[in-house]
Amino acid sequence: MIAHIKNIVKNAELRGYAIGAFNIHGLESVLGVARGAVKAQSPAIIQVSEGAVEYIGLQNLAYLVSVVAESTAKAVPIALHLDHGKNFDMVIACINAGFSSVHIDGSHLSLQENIELTKKVVSYAHKKKVWVQGEIGAIIGGHGSAGGVLKGIPIADADEVIQFVNETKVDTIAAAIGTAHGVYKNEDIIIPLLRKIKKETGKTFVLHGGSGVDDAKIKQAIRSGVNIINIGSDIKFAFSNTLKQTCKNNKKETDPRKLLGPSIDAIEKVVIEKMRLFGSFKKA
């Protein structure tokens, strides 16, 4: 069922677990996340990038997620969220399309410019009862990238994060604390920085770049205040690697359903594994 992100997060904070926020790219990935959530009996966040919105179409996407949530996943709460919205008009359009949460990513701007942009979104969104995620410290890398060492992973300044939260009144905060988009050998989570941000702001903390972090560190981060964990690359890998292998093994197959079906199952498996790790398993 479609649920507001605030209700999903409230339960997670009260019961000490994190919610998985899974990036989707089409019907197959929406089904994979929804089926995984149902089997895990767990709440979930389905999130989309601006690229996914442009690929599927905003109204198509909002309707697709709503229908799947109210049919396939009617027994578990599903929230719809915009991930890394950098275009102001796109963010506003997603609010008007029924998203319960949007991410305005001004991390590439100066601190003051980021604050001003985020305040504009918050002012509009809160009138619609929509939550806003802000970001401090650009989270680099690329969804679907893997291998090697990523040089120059930015680290947010705690005082800037606190100032940003106080001035913008965002509902959730993402900050660069050692992770990256993709999967790299030198990713980490700076736990003392996370704890300081959580203590000083009291806001729901969103961990970006969750795909490339050691499981033990993820569990420690949840205990230290992480409430939402974004998973993008692992979804891409599960889908694309399975599809490539399926096509290789079935070169004469022409039925798209038979070629795509195993990729849905692969996403479902990843989602269930993450829900066990995050502690949301059987918490719906």
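The values are calculated or read from the model by the stated rules, or taken from the named source; none is laboratory data. Just so it is clear, the structure is predicted and the values come from calculations on it, not from any experiment. Heads up, the Cβs are rebuilt from the backbone with ideal geometry, glycines too, and the neighbour counts pull from every protein chain shown.
Any residue at all in the range 243-259 that's within 22 Å of GLY20 (Cα to Cα) and in contact with a helix residue (DSSP H, G or I) (Cβ under 6 Å, 6 or more places away or on another chain)? Taking every residue of the range 243-259 in turn, none turns out to be within 22 Å of GLY20 (Cα to Cα) and in contact with a helix residue (DSSP H, G or I) (Cβ under 6 Å, 6 or more places away or on another chain).
In the range 12-37, which residue that is in contact with a Pro (Cβ under 8 Å, 6 or more places away or on another chain) and assigned to a helix (DSSP H, G or I) is surrounded by the fewest Cβ atoms within 10 Å (Cβ to Cβ)? Let's see the steps before the verdict.
Of the range 12-37, the ones in contact with a Pro (Cβ under 8 Å, 6 or more places away or on another chain) are 12, 19, 37.
Pick out the ones that are also assigned to a helix (DSSP H, G or I) and you get 12, 37.
Details: ALA12: 22, ALA37: 29.
Only one residue tops the list, namely ALA12.
Among (1) in contact with a helix residue (DSSP H, G or I) (Cβ under 9 Å, 6 or more places away or on another chain); (2) within 21 Å of ALA180 (Cα to Cα); (3) in contact (Cβ under 8 Å) with a residue 60 or more places away in the chain; (4) not in a helix (DSSP H, G or I), there is one condition VAL206 misses while meeting the rest; what is its number? Going through (1) in contact with a helix residue (DSSP H, G or I) (Cβ under 9 Å, 6 or more places away or on another chain); (2) within 21 Å of ALA180 (Cα to Cα); (3) in contact (Cβ under 8 Å) with a residue 60 or more places away in the chain; (4) not in a helix (DSSP H, G or I) one by one, VAL206 breaks only (1).
I'd like to know if the range 220-240 contains one or more residues that are at pLDDT 95 or above, surrounded by 16 or more Cβ atoms within 10 Å (Cβ to Cβ) and over 29 Å from GLN133 (Cβ atoms). Scanning the range 220-240 turns up no residue that is at pLDDT 95 or above, surrounded by 16 or more Cβ atoms within 10 Å (Cβ to Cβ) and over 29 Å from GLN133 (Cβ atoms). Scanning the range 53-82 for residues that are in contact with a Lys or Arg (Cβ under 8 Å, 6 or more places away or on another chain) and either surrounded by 24 or more Cβ atoms within 10 Å (Cβ to Cβ) or at pLDDT below 95 (or both) turns up just one, ALA73.
Can you tell me which residue in the range 72-86 is nearest to LEU207 (Cα to Cα), limited to those that are within 11 Å of the chain's Cα centre (by Cα) and not charged (D, E, K, R)? Give the steps one after another, and end with the answer.
To start, the set of residues in the range 72-86 that are within 11 Å of the chain's Cα centre (by Cα) comprises 79-84.
Next cut, not charged (D, E, K, R) only: 79-82, 84.
On the way: ALA79: 17, LEU80: 17, HIS81: 14, LEU82: 15, HIS84: 13 Å.
Applying the filter and picking the extreme gives HIS84.
In summary, GLU187 fulfils each of the numbered conditions (1) modelled with pLDDT of 95 or more; (2) part of a loop (DSSP other than H, G, I, E, B) with the single exception of condition (1).
Checked against (1) touching a residue at least 60 places away in the same chain (Cβ under 8 Å); (2) more than 30 Å from ARG195 (Cα to Cα), LYS248 passes all but condition (1). Looking across the range 234-281 at every residue that is within 20 Å of the chain's Cα centre (by Cα) and part of a loop (DSSP other than H, G, I, E, B), the one that is nearest to GLN41 (Cα to Cα) is identified as PHE281. Taken over the range 38-52, residues that are buried (at least 22 other Cβ atoms within 10 Å of the Cβ), within 16 Å of the chain's Cα centre (by Cα) and either over 27 Å from LYS86 (Cα atoms) or not small (Gly, Ala, Ser) (or both) amount to 6.
Looking at the range 98-123 only, could you name the residues that are under 26 Å from ILE78 (Cβ atoms) and either surrounded by 17 or more Cβ atoms within 10 Å (Cβ to Cβ) or under 16 Å from the mean Cα position of the chain (by Cα) (or both)? It would help to see each step written out before you state the result.
Pass one, the range 98-123, residues under 26 Å from ILE78 (Cβ atoms): 98-105, 118, 121-122.
Listed by number, the residues that qualify are PHE99, SER100, SER101, VAL102, HIS103, ILE104, ASP105, THR118, VAL121, VAL122.
Could we say that ILE231 is within 25 Å of SER49 (Cα to Cα) and either free of Cβ contacts under 8 Å to residues at least 12 places away in the same chain or in contact with an Asp or Glu (Cβ under 8 Å, 6 or more places away or on another chain) (or both) here? Outline the logic, then answer.
On the way: within 25 Å of SER49 (Cα to Cα): yes; either free of Cβ contacts under 8 Å to residues at least 12 places away in the same chain or in contact with an Asp or Glu (Cβ under 8 Å, 6 or more places away or on another chain) (or both): no.
Taking the combined requirement at face value, the residue does not satisfy it.
Against the list (1) free of Cβ contacts under 8 Å to residues at least 60 places away in the same chain; (2) out of contact with any strand residue (DSSP E or B) (no Cβ under 6 Å at 6 or more places or on another chain), the condition ASP265 fails is (1).
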